[in-house]
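K.L.:
The structure under discussion is supplied below as structure tokens; questions concerning it will follow.
The values are calculated or read from the model by the stated rules, or taken from the named source; none is laboratory data. Since we're looking at a predicted model, the values are computed, not measured. Here Cβ is always computed from backbone atoms with ideal geometry, including for glycine, and neighbour counts include all displayed protein chains. In case anyone asks, the SASA skips ligands and DNA or RNA and just uses the protein heavy atoms, side chains included. Shrake-Rupley method; radii C 1.70, N 1.55, O 1.52, S 1.80 Å.
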Amino acid sequence: MSTTPPTPDTVRLSPRLPAPEGPFGWLRALGPRGRRAFAGAFGGYALDSYDYFTLPLSMVALAAYFGLDSGQTGLITTVTLVVSAVGGAAAGVIADRFGRVRALMITVITYAVFTVACGFAPTYETLLVFRALQGLGFGGEWAVGAILVAEYASAKHRGRTLGAVQSAWAAGWALAAIVYTLVFQFLDADLAWRVMFWTGALPALLVVWLRRRVQDAPKASEKLEVSAHKGSFTEIFKPGLLRTTLFAVLLSTGVQGGYYTLATWVPTYLKSDRGLTVVGTGGYLTFLISGAFIGYLTGGYLTDRLGRKRNIVLFAILSAASIVAYTNIPDGADGLLLVLGFPLGFCMSAIFSGFGSFLSELYPTAVRGTGQGFTYNTGRAIGAVFPTLVGFLADSWGVGGALVFGAIGYALAVVALLGLPETRGRELL
């Protein structure tokens with residue numbers, strides 16, 4: 001099977017039959033099986049997000065309990081994201097060789113088990129190991145779930161459908177912020193951070209539902225059955241796909257470097273630099289997360305209207321500007337800090353909405369899981385250096401000043417687009 005990426009001259013565009021219209025036309029277009037797949041991917045990604053944010057929200061308490069400096073706390077996040085590259089790449093191969101749903105169940109079980117294990121960690125070193133192992137499942141969940149839904153979605157609606165799946169990240173983040181506020185209000189901090197990790201057992205319940213209700217897209221399954229090159233790393237580095245793979249990694253690095261810098265350090269910034277209480281931090285995060293949820297949905301719509309590349313460029317610029325504005329608010333202007341949390345969350349999330357459709361459209365079915373899993377998660381691993389650099393710079397620059405470093409990531413994303421084609425309207429081949 002040829003692995004040369006499709007071009008506008010060789011791909012089929014939107015289906016001949018008109019796709020359903022209206023605000024939820026994208027959902028109706030999925031059909032019954034597709035909607036169950038959407039629900040499974042949405043739930044998996046929301047709980048993936050929840051398990052991820054147990055760490056950033058508990059970071060201050062963890063640092064105090066283990067006596068860590070900023071560099072050591074940043075290293076926990078970096079290790080998680082670096083190992084997620086291995087997990088994401090492996091999950092992509094499993095998805096191509098054994099099916100999307102089976103790979104999704106494996107990733108959910110992995111991140112649930114090791115998130116709970118983090119709550120029992122007796123030492124910093126043990127926590128580092130458990131968090132790294134959690135990254136194996138964390139890395140694969142999004143890529144597999146996105147592919148599963150992309151293969152059900154119509155070309156016309158794929159951007160907004162995958163944008164809706166991405167919005168699950170904000171839902172999981174919101175749930176984590178709510179649980180954090182309650183747990184840290186009623187429990188001593190030395191116990192509260194452990195309880196936060198223990199609640200990470202919730203995703204395991206999703207696996208039972210996935211096993212009984214969700215199936216791979218029939219057409220994708222048929223193509224995988226007859227392919228001789230499915231799940232092959234060598235295929236995504238052959239001349240026909242090498243350029244795509246390299247620039248997709250750079251794109252993922254830039255966007256995720258900027259995003260994880262903010263996701264990791266904003267809670268600490270609000271508490272340490274701005275002096276907010278637990279409840280105050282939760283209130284400010286409400287604005288940030290609300291903006292993120294609406295940003296995912298809006299970005300999904302715009303990626304279908306403007307195209308994948310234009311959407312990314314637009315929100316890369318706006319995200320960088322939002323970081324600079326947010327971290328340069330003068331002391332005492334806490335009301336402005338509250339208000340600007342919404343556009344910050346909106347912009348840094350809207351840029352992600354096109355990723356699921358864009359990466360899925362760059363690779364043929366036989367190596368779609370491998371290509372998307374590798375590029376997205378390798379970018380995540382390299383981008384993970386950003387939070388660690390912020391951790392080390394925070395000691396001299398302050399957390400707020402160091403956060404501006406995340407804006408560099410968005411500049412890299414724009415550069416990466418120069419080497420990638422526009423894919424709006426492509427059928428998955």
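K.L.:
So, of the residues in the range 400-425 that are touching an Asp or Glu at 6+ places or on another chain (Cβ under 8 Å) and open to solvent by less than 10 Å² (accessible area, probe 1.4 Å), which turns out to be modelled with the lowest pLDDT?
P.N.:
Step by step, filter the range 400-425, then rank; the result is 400.
K.L.:
Further question on the same structure: Among the candidates 303, 365, 375, single out the residue that is surrounded by fewer than 24 Cβ atoms within 10 Å (Cβ to Cβ) and at pLDDT 80 or above.
P.N.:
Every option except 365 fails the conditions.
K.L.:
Further question: Restricting the range 346-383 to residues that are among the hydrophobic types (A, V, I, L, M, F, W, C) and not in a helix (DSSP H, G or I), which is nearest to residue 223 (Cα to Cα)?
P.N.:
The extreme case among them is 352.
K.L.:
Would you confirm whether or not the range 31-51 contains a residue that is out of contact with any helix residue (DSSP H, G or I) (no Cβ under 9 Å at 6 or more places or on another chain), open to solvent by 80 Å² or more (accessible area, probe 1.4 Å), at pLDDT 70 or above and part of a loop (DSSP other than H, G, I, E, B)?
P.N.:
No.
K.L.:
Does residue 153 meet the test of being assigned to a loop (DSSP other than H, G, I, E, B), within 20 Å of the chain's Cα centre (by Cα) and over 17 Å from residue 295 (Cα atoms)?
P.N.:
Considered against the rule, which asks whether it is assigned to a loop (DSSP other than H, G, I, E, B), within 20 Å of the chain's Cα centre (by Cα) and over 17 Å from residue 295 (Cα atoms), residue 153 comes out as yes.
K.L.:
Do we have any residue at all in the range 15-23 that's outside any helix (DSSP H, G or I), modelled with pLDDT of 85 or more and either open to solvent by 50 Å² or more (accessible area, probe 1.4 Å) or within 19 Å of residue 377 (Cβ to Cβ) (or both)?
P.N.:
The answer is no; no qualifying residue exists.
K.L.:
Right, another one. Of all helices (runs of 4 or more DSSP H) completely enclosed by the range 60-150, which ones contain at least 1 residues that are surrounded by fewer than 24 Cβ atoms within 10 Å (Cβ to Cβ), at pLDDT below 90 and out of contact with any Ser or Thr (no Cβ under 6 Å at 6 or more places or on another chain)?
P.N.:
Here the list reads 70-98, 100-118.
K.L.:
Okay, moving on. In the range 306-345, what count of residues is obtained for those that are modelled with pLDDT of 90 or more, assigned to a helix (DSSP H, G or I) and surrounded by fewer than 24 Cβ atoms within 10 Å (Cβ to Cβ)?
P.N.:
Selection size over the range 306-345: 6.
K.L.:
Given (1) open to solvent by 40 Å² or more (accessible area, probe 1.4 Å); (2) at pLDDT below 90; (3) not polar (S, T, N, Q), identify the lone condition not met by residue 355.
P.N.:
Condition not satisfied by residue 355: (1).
K.L.:
Please list, ordered by first then second residue, the pairs with beta carbon atoms under 8 Å, 6 or more apart or interchain, first in the range 123-150 and free of Cβ contacts under 8 Å to residues at least 12 places away in the same chain, second among the aromatic types (Phe, Trp, Tyr).
P.N.:
From the range 123-150, no pairs qualify.
K.L.:
Additional query: Would you point out which residue out of 237, 197 is touching a Cys at 6+ places or on another chain (Cβ under 6 Å) and either of a type outside the set (Gly, Ala, Ser) or at pLDDT 90 or above (or both)?
P.N.:
197
K.L.:
Of the residues that make up the range 259-275, is at least one under 23 Å from residue 346 (Cα atoms), at pLDDT below 90 and basic (Lys, Arg)?
P.N.:
Yes, the range 259-275 contains at least one residue that is under 23 Å from residue 346 (Cα atoms), at pLDDT below 90 and basic (Lys, Arg).
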